[in-house]
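Laboratory data are not the source of any read-out in this text; all were calculated from the coordinates shown. Predicted, not measured: the structure shown is a model, and the values here were computed from it. No Cβ is skipped: glycine too gets one built from the backbone with ideal geometry, and neighbour counts run over all protein chains shown.
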Amino acid sequence: MAAALAAGVAIMAILGADSSTYANQVAKSGPPLTGGMEKFDAAENPVQMPETVFTDKSGRELTLKNFRGKIVLLNFWATWCGPCVREMPSLERLHTMLQGNDFTVIALSEDRRGWDKITRFQDKVGLKGLPLFHDVSSKMMFATKARGLPTTILVGRDGKELGRLTGSAGWDTDEAVALIRYYIGRKTGG
């Protein structure tokens with residue numbers, strides 16, 4: 001899609017048309033899936049995410065309903081998962097860049113030993129701003145049918161799955177930020 005967009009912009013420039021108008025028309029046709037985001041599988045028919053309970057560091061039970069009104073990047077990870085560990089700093093940078101009323105990251109640990117293991121990992125890696133949560137007994141992971149770690153699901157303001165990416169990604173790249181901003185910019189559902 002990136003090549004098609006670039007070619008279209010070049011053609012429009014040669015013809016004297018406004019390339020930003022063309023880019024806007026292409027953006028309206030779907031999310032930008034370039035670079036590492038080519039692996040993102042956008043949901044054709046978004047379905048409601050499960051309201052499975054997970055916990056924050058204080059032990060408070062939450063569900064995705066607590067985050068309604070925001071675009072949520074839900075990342076399933078574990079301290080023993082090498083690709084997960086490598087992508088955590090990029091998730092923190094993405095969260096720092098875009099956090100606010102419209103967006104948040106939920107890094108949902110699948111570690112069986114819970115907060116003891118998660119907190120030691122957080123301190124060791126130096127994650128200070130990334131919201132970490134625990135998926136008790138992996139209930140949310142199973143309910144969403146995530147096939148492995150890491151898996152990241154983008155959830156709309158209405159609690160419906162907008163799409164998912166299985167495997168690791170650079171979440172602070174221009175392509176990832178463009179994808180998230182695309183969904184933040186949409187006012188319905190996602």
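Excluding ASP111 itself, what net charge comes from residues whose Cβ is under 15 Å from its Cβ, given Lys and Arg +1 and Asp and Glu -1? If you can, show how the numbers build up before the last one.
Values: positive: LYS57, ARG112, ARG113, LYS117, ARG120, LYS124, LYS139; negative: ASP56, GLU110, ASP116, ASP123, ASP135.
Every neighbour counted, the sum reads +2.
In this model, which of LYS39/LYS187; LYS39/LYS65; LYS57/LYS187; LYS65/LYS124; LYS57/LYS160 are farther than 29 Å apart at the alpha-carbon? Don't skip to the end; give the middle numbers.
Details: LYS39/LYS187 24 Å; LYS39/LYS65 27 Å; LYS57/LYS187 31 Å; LYS65/LYS124 31 Å; LYS57/LYS160 25 Å.
As for pairs spanning more than 29 Å Cα to Cα, those are LYS57/LYS187; LYS65/LYS124.
Hey, fewest Cβ within 10 Å first, where do PHE54, PHE76, PHE121 land in order? Before the final figure, lay out each step's value.
Details: PHE54 22, PHE76 26, PHE121 19.
Final ranking by Cβ density, sparse to dense: PHE121, PHE54, PHE76.
With θ taken as phi - 60° and the coefficients 6.51, -1.76 and 1.60, list the Karplus ³J(HN,Hα) couplings across the range 170-182 in order, rounded to whole Hz; mark glycine and proline as x.
Taking θ as phi minus 60°, the curve returns x, 7, 9, 6, 4, 5, 5, 4, 4, 4, 5, 5, 4 Hz for the range 170-182.
Per-residue HN-Hα couplings for the range 75-80, Karplus 6.51 cos²θ - 1.76 cosθ + 1.60 at θ = phi - 60°, whole Hz, x for Gly and Pro?
Along the range 75-80, the couplings run 10, 8, 8, 8, 5, 8 Hz.
Using Cα pairs closer than 8 Å and at least 6 residues apart in sequence, work out the relative contact order for the range 81-137, in percent. Don't jump to the answer; show the numbers that get you there.
Working: 48 pairs, mean separation 23.2, N = 57.
RCO, the range 81-137: 41 percent.
According to the square roots a ≥ b ≥ c of the eigenvalues of the Cα gyration tensor, what is the shape class of the range 123-190, taking rounded for a/c under 1.5, prolate for a/b larger than b/c otherwise, and oblate for the remainder? Don't skip to the answer; put the middle values down first.
Working: a/c = 1.70, a/b = 1.18, b/c = 1.44.
Here the range 123-190 falls in the oblate category.
Taking the Cβ of each residue in SER137, SER168, SER90 as the centre, tally the other Cβ atoms inside 10 Å and list the residues starting with the fewest. Please list the in-between numbers first.
Values: SER137 12, SER168 22, SER90 17.
Least to most surrounded, the residues fall as SER137, SER90, SER168.
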